[in-house]
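Scroll down for the structure; my scribbles are underneath it.
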Amino acid sequence: MTQTQTHPSLLDRLPKVRGSYKENAPLAPLTWFRVGGAADVLFTPADADDLATFLAGCPDDIPVLVVGVGSNLLVRDGGIEGVVIRLGSGFTSIERVDDTKMRAGCAVPDIMLAKAALNAGLTGLEFYRGIPGALGGALRMNAGAYGHETKDVLIEAEAVSRKGERVTLSNADFGYSYRHSEVADDLIFTSALFQAALGDKDEIKARMDDITSSREDSQPIKSRTGGSTFKNPGGTNPDGPKAWKLIDAAGARGLKRGGAQVSEQHCNFLINTGDATGSDLEGLGEEVRARVKETSGIELQWEIKRVGREAQT
Ligand SMILES: Cc1cc2nc3c(=O)[nH]c(=O)nc-3n(C[C@H](O)[C@H](O)[C@H](O)COP(=O)(O)OP(=O)(O)OC[C@H]3O[C@@H](n4cnc5c(N)ncnc54)[C@H](O)[C@@H]3O)c2cc1C
């Protein structure tokens, strides 16, 4: 455990756990954008029981936020107040439950679930090959691609409430819509059960290979980015308005602010070109929204979750 003098009293107020606490923990290395300040405390629970113990014993006035692998997250420069929870190796199991179902921990990368399904000869989970998050984030965001979403494959999920109670949520409990779930913000998902179908391994692999090459061609996947910045105003309707087209029409492709830039390759992606701050990225995103509003009358909604405090000046 790392001890600093920055927040001397917070650790003293937290319950004894089997996992680890780290004070003043930099969050930039834990996100795709590589920006943002530190968590007052970062907690890595040993397993779901340890997480429940922590949440039951953590005083109500201490804010708690769970993060995945930070592929849809913009952490502000002043860092995050309270405790940030990141699920680790206690949440990475993947098992085939019966002929057509897979259960996985919520720290499992989406891509690993897709690969495990391929190895088991199961189809239906190939779309996760293209999404660089972990399953907890996928459940929260109704992550999807290529006409499939988490809501199409999720049977149920285990979660822990802010009071430390273990709950099971059915697919219907999530109230899913495009990149959104209605589940209470304070629930932390720990594992999930997915429905797949028996398939042909060669065909499954071919579909996953197609997804891999289509991603490489169309998205700046090797850059410091947060994926799609704004939701498509038309949701999953293939004929509805697309955020990137509106951004392009507003002349914002390639626009820069500090070290932040609207991607030239895919203009619904923001890029940290090297020395961007969280404020550069968020400010650039707001400028794009204003330009789109001016040229099209449409107000884009952030898909990226912006969290934390502004930097103190
Ligand atoms: C290059 C690139 C391409 C992308 N392509 C796609 C795409 O095609 N489709 C798509 O849907 N998304 C896409 N994304 C966005 C992102 O990968 C998904 O939203 C992903 O599901 C986020 O998962 P994460 O683990 O990174 O979550 P984070 O970004 O860390 O967090 C996202 C949200 O989920 C919450 N959360 C995380 N873990 C848990 C948990 N265990 N319990 C409860 N809540 C939790 C967080 O609090 C936060 O609100 C892309 C991102 C990048 C960088």
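Tabulated data
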item	result
Some residue of the range 185-195 being open to solvent by less than 40 Å² (accessible area, probe 1.4 Å), at pLDDT 95 or above and more than 10 Å from the ligand (Cβ to nearest atom)	yes
Matching residues, the range 235-246, being out of contact with any helix residue (DSSP H, G or I) (no Cβ under 6 Å at 6 or more places or on another chain) and in a helix (DSSP H, G or I)	Ala243, Trp244, Lys245
Subset of the range 130-140 that is assigned to a helix (DSSP H, G or I) and at pLDDT 95 or above - its residue that is surrounded by the most Cβ atoms within 10 Å (Cβ to Cβ)	Leu135
Residues located in the range 151-169, provided they are outside any loop (DSSP other than H, G, I, E, B) and of a type in the set (A, V, I, L, M)	Leu154, Ile155, Ala157, Ala159, Val160, Val167, Leu169
Selection within the range 290-313 - under 22 Å from the mean Cα position of the chain (by Cα) and surrounded by fewer than 21 Cβ atoms within 10 Å (Cβ to Cβ)	Gln301, Trp302, Glu303, Lys305, Arg306, Val307, Arg309, Glu310
Residue that is nearest to the ligand (Cβ to nearest atom) [pool: residues in the range 88-118 that are in a loop (DSSP other than H, G, I, E, B) and buried (at least 19 other Cβ atoms within 10 Å of the Cβ)]	Cys106
Enumeration of residues in the range 144-154 that are within 9 Å of the ligand (Cβ to nearest atom) and free of Cβ contacts under 8 Å to residues at least 40 places away in the same chain	Thr150
Residues being away from the ligand (no atom under 13 Å from the Cβ) and either assigned by TED's automatic domain parsing to the domain that holds Leu281 or not in a loop (DSSP other than H, G, I, E, B) (or both) - total across the range 67-81	1
The range 250-282: number of residues that are surrounded by 15 or more Cβ atoms within 10 Å (Cβ to Cβ) and outside any loop (DSSP other than H, G, I, E, B)	13
Filter result for Tyr128 (farther than 30 Å from Pro15 by Cβ, within 12 Å of the ligand (Cβ to nearest atom), free of Cβ contacts under 8 Å to residues at least 60 places away in the same chain and of a type in the set (Ser, Thr, Tyr))	yes
Flag if Leu65 is free of Cβ contacts under 8 Å to residues at least 60 places away in the same chain and within 15 Å of the chain's Cα centre (by Cα)	no
Residues of the range 155-174 that turn out to be open to solvent by 10 Å² or more (accessible area, probe 1.4 Å) and either within 18 Å of the chain's Cα centre (by Cα) or within 9 Å of the ligand (Cβ to nearest atom) (or both), as a count	1
Residues of the range 196-234 satisfying the condition of being at pLDDT below 95, assigned to a loop (DSSP other than H, G, I, E, B) and surrounded by fewer than 13 Cβ atoms within 10 Å (Cβ to Cβ)	Lys222
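Per-residue answers, yes or no, for (1) within 10 Å of the ligand (Cβ to nearest atom); (2) in contact with a Phe, Trp or Tyr (Cβ under 9 Å, 6 or more places away or on another chain):
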position: Ser181; (1), (2): yes, yes
position: Leu198; (1), (2): no, no
position: Glu216; (1), (2): no, no
position: Gly235; (1), (2): no, yes
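The values are calculated or read from the model by the stated rules, or taken from the named source; none is laboratory data. Computed from a prediction, not measured in an experiment: that's the story for all the values here. Note that we place each Cβ from the backbone using ideal geometry, even for glycine, and neighbour counts take in every protein chain shown. The accessibility values were calculated without ligands, DNA or RNA, using every heavy atom of the protein model including side chains. Shrake-Rupley method; radii C 1.70, N 1.55, O 1.52, S 1.80 Å.
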